[in-house]
Structure formats: structure tokens, C-alpha cells
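Peer 1: One structure coming up, written as C-alpha cells, with questions to follow.
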Amino acid sequence: MRNVGRVFFTMVAGLTLVVAVWAFAPVTTNEAALLGLSASQDAAQQQSVSGKIASVEKNSFTLTVGQSQTSNEKNNLQSEPGNPKTMTFQLDKNTTIEGGLKVGANADVTYRQERGVNIAISVHVTP
């Protein structure tokens, strides 16, 4: 009778441990999709734009834009002649800059939007 009790206790303890592990298991991609979650919700969509550098500050710069487009080419925005659009980009420690940021130079900027602020991911400057 003692052996039956030990086996029963061991099985109950093992099942309790398994249930506890399943309760703390991370959410898989399929489960996230069922819950309406997406890994891309945290990662902002990358966009790109080209234009002339209008001003340069320590941690930001402003670009006068003639055309804006997202990385999947579905949002083409044309600025009206005589009314150029300007965009300000923040620079952070992860921003890569090819060439020097100089007023009047042409630049291709890849960026993401974070809380309404344009964060430059990479900047390619051509004289």
C-alpha cells in the first residue's frame, strides 16, 4: 500500500510540475496570430525618402523632400511645386551615416516612426 501511495504522489507532483511549466511557456507565433498580436507591431515599418538637406543640428537634421515612399513602394507622395515638404529626422546611436551631413547636399534617408518622431536608420549623403 505504501508503494501505491508513493507512485500516486509522484504522478500528482509530476503533473503539477508539467502544468506549471505550460503556464509559463512563451507565446508561439501561431498563438500570437490567434491572439491578434504581431511581432511587427513593436518593430516600426521602415520607410525611405530622398531630398536636400535644409538644416543640420547636433542630433537631428531637416530634409526638403520632393518625393516620399515606403519600403514597399505603396505610398508615393509628391510635394506641390512651390510648396516643398520638409521632414525632420532624429539621429541616435544606431544611425549609420555615409558621407557628411551638409546643408544643400542630397540625401537618401531610411527611417522609422516612433511615437510620431522620425528616427533615421541610415543616411546616404551625395554632394
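Peer 1: Estimate the FRET efficiency between A54 and T96 by the formula 1/(1 + (r/R0)^6), using the beta-carbon distance for r and 22 Å for R0, to the nearest 0.05.
Peer 2: Numbers: r = 21 Å, r/R0 = 0.95.
E(calc), rounded to 0.05, equals 0.55.
Peer 1: Could you calculate the contour length gain from E114 to F24, that is, 0.36 nm times the residue separation minus the distance between their Cα atoms, to one decimal place in nm?
Peer 2: 29.4 nm
Each value in this text was obtained by applying a stated rule to the coordinates, not by laboratory testing. Please read these numbers as outputs of a predicted model, since none were measured by experiment. Reconstructed Cβ throughout: ideal geometry from the backbone, glycine too, with neighbour counts over all protein chains shown.
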